[in-house]
Structures are given as C-alpha cells and as structure tokens.
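S.K.: Input: one structure, supplied below.
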Amino acid sequence: MEPKFLTSLLTLLLLICLSTIIDATNEDATRKTMEEFSGYPTDSHHSILSFSLDSFSVESEKLQGQIEELSTLSDSPAPSVTRILYSEKDVLARRFIKGIMKQAGLLVREDAVGNIYGRWDGSEQGLPVVATGSHIDAIPFSGKYDGVVGVLGAIEAINVLRRSGFQPRRPLEVIMFTSEEPTRFGISCLGSRLLAGSETLVNTLKKAADAQNVSFFDAAKSAGYNLSPDDLSNLVLEEGNYSAFVELHIEQGPLLEEEGLSIGIVTAIAAPASIKVEFEGNGGHAGAVLMPKRNDAGLAAAELALAVERYVLESGSIDTVGTVGILELHPGAINSIPSKSHIEIDVRDIDEKRRNSVIEKVHESAINISQTRGVKLSEFNIINQDPPAASDKSVIDAMEFATKQLNLSHKFMISRAYHDSLFMARKSPMGMIFIPCYKGYSHKPEEYASTEDISNGVKVLALTLAKLSLE
Ligand SMILES: [Zn+2]
C-alpha cells in the first residue's frame, strides 16, 4: 500500500468519525428544539405543556376566504366548481396558489407539467424533505373542498408553524399536484404518477388528446408549459428525496361525521383497477328475430355487470368494492336488438391480490358469457391496475401523536377514494389525514367541510409536519 493512499484512507476514517460526532450533537440540538416546541421532553409523557396551544392557531377566516376566492376561478356557476387541467381558470388558480405560497415565505418552483412546490428550508442542509400537498383541479360541477383543503390548508399549516416560532430541521414542502382528476385526458393523478415514474404514462401522453382533439402537449403549451416527451420522463423523483409525505383531505365518505369524530388517520389507500369490455352480436329487428336465434350483446353486458357484483360480494371482505358505471348499447333503439355493448368496470380493494382475483373471475366470466350467448368478446382491456398503498408507521405515529397532543378525537381508517398519496407512497413513506365532510358528499356542489373541522385538520397537519421534520 502506498503511503499517500494510506494517508488518504486515515483522513477519510477521521472524517467519518467526526461526522458521527457532529450527528450525535445535532441530535441533541434536535431534541431540544422539539422540547421547546412541544413544551415537554420528547421521551416523557407526563410533563405539562408549557407551550400554549393558543399560539398554535389557524387563521380560519383568512383560510376560508382563500377557499372562497379559489372557488370563483371556475368554469361553472357557484356554488359548483369546474376547473379543468390547463384551462384558463386552472392557470389563474395556479397563479393564486403561487402567490399564497410566496406570502407564506415559501420558495416557489414549478416542474415541467406544472406540479408546484413551495419550500421552507430546514436548519440542517442536505436532509430529505418532509412534504405535504394535494390538488386544486375540480371535475365538472363539483365542490370547493376536495383537494383544495390539502393545498391551502397545507400552506396555512406552514403559517401556523412560523407563527409558533418553530424551526424545521428537515426542509418542509407544500406540493400542488397537476391534474389529480382524470377529466381532460382520462388520466388521474397525472402529476404524482409522473413523479413516481411511469414510462407507460409517458407513452400514453405522447398520443393523448382531449374531447376537442387538443393534444396533451398543445394543452400544456397553451397554459405556459412548453414541454417535450423527455421532460416527462425526467420528472421521476430520486429515491430518498422525501422522508415523508402527508396529505390532508376531506373524507369524501360519511364515517367521521356519523361517528362525531374530528380526525381520520388513514392507514391504507384502496386502489382501483379499471376495465373496458365490449361484446358484439348480430343485432336485428326486435320483432322479427325470435328469441332462440338471438345473440344479444346487451344481455351479455347485463350478465357481466351482475357477475361483477357477485364476485365482489364473494371476496369475503367489506373492503372489496366493484362498480359498473358505464353501460352503453348500440344502436340504442327500442326496437333493435343491441349489436354492440360497451361496459366499464371499476374494482377496488386495499388488498391487491384479492382485487386482482376478482378481475380474473370477471375475465373468465366474460369469456363464458360470450360462449354461451354466442357473442364476440371484442375487447377485455385492463386500463389500469394500480397497487394499493399502506401508510408508513413513522407517519401514522406522527399523525397520532399530533391528534393526541391537540386533544382531538380520531379513528384509524381506510381511504376508499384514491389520491396523489397513492403515487407518492412509491417514493416516500406516506400518510393521510382526513377531516369530516357534510354527509360524505364530494364531487358535487353540496360538498362542505366546516371551518372548525378544517382548522383541526390544519393543526394536526402542522404538528405532524413539525414532528416529522425533527426526526
Ligand atoms: Zn381529491
């Protein structure tokens, strides 16, 4: 071994030792910050909070005002909200969000498809980021809270922490994801899917066009995002960029309200699989063709729809759900035997195997029906089959810690709708915070969450982010 090499090796070892010592010192500093912040020693549960929760306050009126203002950036009249990807209103809404992020002192940047990031640097350089966020696009004639609470509420959570004098160790980041809703190009969670990395999606987007035949790239360009297919592939997040991701969202179901609880701690997100099926028969005159001579594509579809329900109910779990939301018959005349049918099936579960076994049975059933009814199964296409995601224990613990500190009632629950969190879970430990919404309504103008529930959600989010940023 050359002496020069030996010296370098010794220097390296010395550096490693030193950095370990520095790390240990920093850990002490961290603990102190957490104690100062929460007002009690982190490893003791019986100390009294010196930190008054009054100083940990949400400016509810201001937040409600922002929610109202954002809801006016809509292509349908109030109280409904319609905000479609890359539309004029979407562009205005993005500008509005960036403005509020800047007011909160966040460092704002945007990626190629318009995911917007607002960063608050931590006290220690180079650590993975603790992030939160959601979406602000809205399907036609929907409400003003879905997604919005998790973006405007997240920025307010940052304000809450700033006002309380908190200093994060890891950077905190608010993300507004592009196009969670599939309205314009038929792809849900477009922004977060690209961050998780999906070459299939990149290829789909190369050919994608909306109902007016505007391509994805032209639509993006019209909104100021002049991007190339390569830009899409480059969006994928590096492993380890994020140490946690938490999304605040209205429940979109009735459980919290029915049970009178303030907070839902989401332990898993059910994932959908969507399937398109087409049957073809000979059709014919409703009077002239006798029953034994028919091969009715409509009845084949009806039989398959009932089979979906049967296999879902037979799965043995209440968490398996299946829906036939589209059933179209051709030519669609009362006196004509359907010669073509088109059905779309959505099957969801938190258990991927169980969900996929339902899909297999539906597929076998479609083949059998086509044989017994003498129709052609011209299409059986699984459009997407996303895996479900489980929340990470570290994030669940932080959310539970926050809820208990704030003395808020809570329950552990499953998200049956899916969210950007499902895709962020592929790149980061993930968790979600639910708040109650009126009768569980969502995706319609009656969607509503009370100021108090939103404020509780913001506080839980703030404390969760604080805890995760110090870990
Ligand atoms: Zn949403």
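S.K.: If you scan segment 320-340, which residues turn out to be touching a helix residue (DSSP H, G or I) at 6+ places or on another chain (Cβ under 9 Å), part of a loop (DSSP other than H, G, I, E, B) and closer than 21 Å to M291 by Cβ?
M.R.: Step one: list which residues in segment 320-340 are touching a helix residue (DSSP H, G or I) at 6+ places or on another chain (Cβ under 9 Å), which gives 320-324, 327-330, 337-340.
Checking the rest, the ones that are also part of a loop (DSSP other than H, G, I, E, B) come to 320, 337-339.
Listed by number, the residues that qualify are I337, P338, S339.
S.K.: Exactly one condition in (1) in a strand (DSSP E or B); (2) within 15 Å of the ligand (Cβ to nearest atom); (3) free of Cβ contacts under 8 Å to residues at least 60 places away in the same chain is false for A93; which is it?
M.R.: (1)
S.K.: State whether one or more residues within segment 415-429 are in a helix (DSSP H, G or I), at positive phi and in contact with an Asp or Glu (Cβ under 7 Å, 6 or more places away or on another chain). Before the answer, list the steps.
M.R.: We begin by selecting, within segment 415-429, every residue in a helix (DSSP H, G or I); these are 420-424.
Next, only the ones that are at positive phi stay: none.
No: zero hits.
S.K.: Confirm whether I383 is within 16 Å of the ligand (Cβ to nearest atom), of a type in the set (V, I, T) and either in contact with a strand residue (DSSP E or B) (Cβ under 8 Å, 6 or more places away or on another chain) or free of Cβ contacts under 8 Å to residues at least 60 places away in the same chain (or both).
M.R.: Details: within 16 Å of the ligand (Cβ to nearest atom): no; of a type in the set (V, I, T): yes; either in contact with a strand residue (DSSP E or B) (Cβ under 8 Å, 6 or more places away or on another chain) or free of Cβ contacts under 8 Å to residues at least 60 places away in the same chain (or both): yes.
When the stated conditions are applied, I383 does not pass them.
S.K.: Considering only residues of segment 53-81 that are surrounded by fewer than 19 Cβ atoms within 10 Å (Cβ to Cβ) and of a type in the set (S, T, N, Q), which is farthest from I158 (Cα to Cα)?
M.R.: Among those residues, the one meeting the criterion is S76.
S.K.: Out of all the residues in segment 440-467, which are touching a residue at least 60 places away in the same chain (Cβ under 8 Å) and part of a loop (DSSP other than H, G, I, E, B)?
M.R.: Those that are touching a residue at least 60 places away in the same chain (Cβ under 8 Å) and part of a loop (DSSP other than H, G, I, E, B): Y441, S442, H443, K444, P445, E446, E447, Y448, A449.
S.K.: Shifting gears a bit: Taking the residues in segment 119-129 that are of a type in the set (D, E, K, R) and out of contact with any Ser or Thr (no Cβ under 9 Å at 6 or more places or on another chain) as candidates, determine which candidate is nearest to the ligand (Cβ to nearest atom). Don't jump to the end; show me each part of the working.
M.R.: Filtering segment 119-129 for residues of a type in the set (D, E, K, R) gives 119, 121, 124.
Restricting the remaining residues to those that are out of contact with any Ser or Thr (no Cβ under 9 Å at 6 or more places or on another chain) gives 119, 121.
Details: R119: 23, D121: 28 Å.
Among them, the one singled out is R119.
S.K.: I'm told V460 meets every condition in (1) surrounded by fewer than 24 Cβ atoms within 10 Å (Cβ to Cβ); (2) more than 16 Å from the ligand (Cβ to nearest atom); (3) not small (G, A, S) except one. Can you identify the failing condition by its number?
M.R.: (1)
S.K.: Given (1) more than 16 Å from the ligand (Cβ to nearest atom); (2) crowded, with 18+ Cβ neighbours inside 10 Å; (3) on the phi < 0 side of the Ramachandran plot, where does G283 come up short, assuming only one miss?
M.R.: (3)
S.K.: Then there's this: List the helices (runs of 4 or more DSSP H) that sit entirely inside segment 177-263 and contain at least 2 residues that are away from the ligand (no atom under 16 Å from the Cβ) and free of Cβ contacts under 8 Å to residues at least 40 places away in the same chain.
M.R.: On the way: elements: 190-196, 199-207, 216-222, 229-233, 255-259.
The qualifying helices (runs of 4 or more DSSP H) are 199-207, 216-222, 229-233.
S.K.: Among the residues of segment 52-83, write down those that are over 19 Å from D146 (Cα atoms) and under 25 Å from the mean Cα position of the chain (by Cα). Give the derivation first.
M.R.: Here is the first cut: in segment 52-83, the ones over 19 Å from D146 (Cα atoms) are 52-59.
Once the filter is applied, which keeps residues that are over 19 Å from D146 (Cα atoms) and under 25 Å from the mean Cα position of the chain (by Cα), segment 52-83 yields only V58.
S.K.: For segment 407-421, enumerate the residues that are among the hydrophobic types (A, V, I, L, M, F, W, C) and at pLDDT 95 or above.
M.R.: L408, F412, M413
S.K.: What residue, of E303, E364, E344, E280, is more than 30 Å from L463 (Cβ to Cβ), under 27 Å from the mean Cα position of the chain (by Cα), not assigned by TED's automatic domain parsing to the domain that holds Y418 and not aliphatic (A, V, I, L, M)?
M.R.: Result of the check over E303, E364, E344, E280: E344.
S.K.: Still on this structure: Just to be sure before I move on: is P436 farther than 16 Å from A270 by Cβ, surrounded by fewer than 20 Cβ atoms within 10 Å (Cβ to Cβ) and within 16 Å of the ligand (Cβ to nearest atom) in the structure I sent?
M.R.: no
S.K.: Regarding segment 400-420, can at least one residue be identified that is touching a Gly at 6+ places or on another chain (Cβ under 9 Å) and either farther than 23 Å from E257 by Cα or not assigned by TED's automatic domain parsing to the domain that holds W120 (or both)?
M.R.: Among the residues of segment 400-420, at least one is touching a Gly at 6+ places or on another chain (Cβ under 9 Å) and either farther than 23 Å from E257 by Cα or not assigned by TED's automatic domain parsing to the domain that holds W120 (or both), which makes the answer yes.
S.K.: Here is a further query. I need a count of the residues in segment 130-171 that are more than 14 Å from the ligand (Cβ to nearest atom) and part of a loop (DSSP other than H, G, I, E, B).
M.R.: Matching residues across segment 130-171 total 8.
S.K.: Going by what's in this entry, would D319 be described as modelled with pLDDT under 95, touching a Ser or Thr at 6+ places or on another chain (Cβ under 6 Å) and not β-branched (V, I, T)?
M.R.: Spelling it out, it is not the case that D319 is modelled with pLDDT under 95, touching a Ser or Thr at 6+ places or on another chain (Cβ under 6 Å) and not β-branched (V, I, T).
The values are calculated or read from the model by the stated rules, or taken from the named source; none is laboratory data. All figures in this text were calculated on a predicted structure; none of them were measured in a lab. For neighbour counting, all protein chains shown are included, and Cβ atoms are generated from backbone atoms with ideal geometry for every residue, glycine included.
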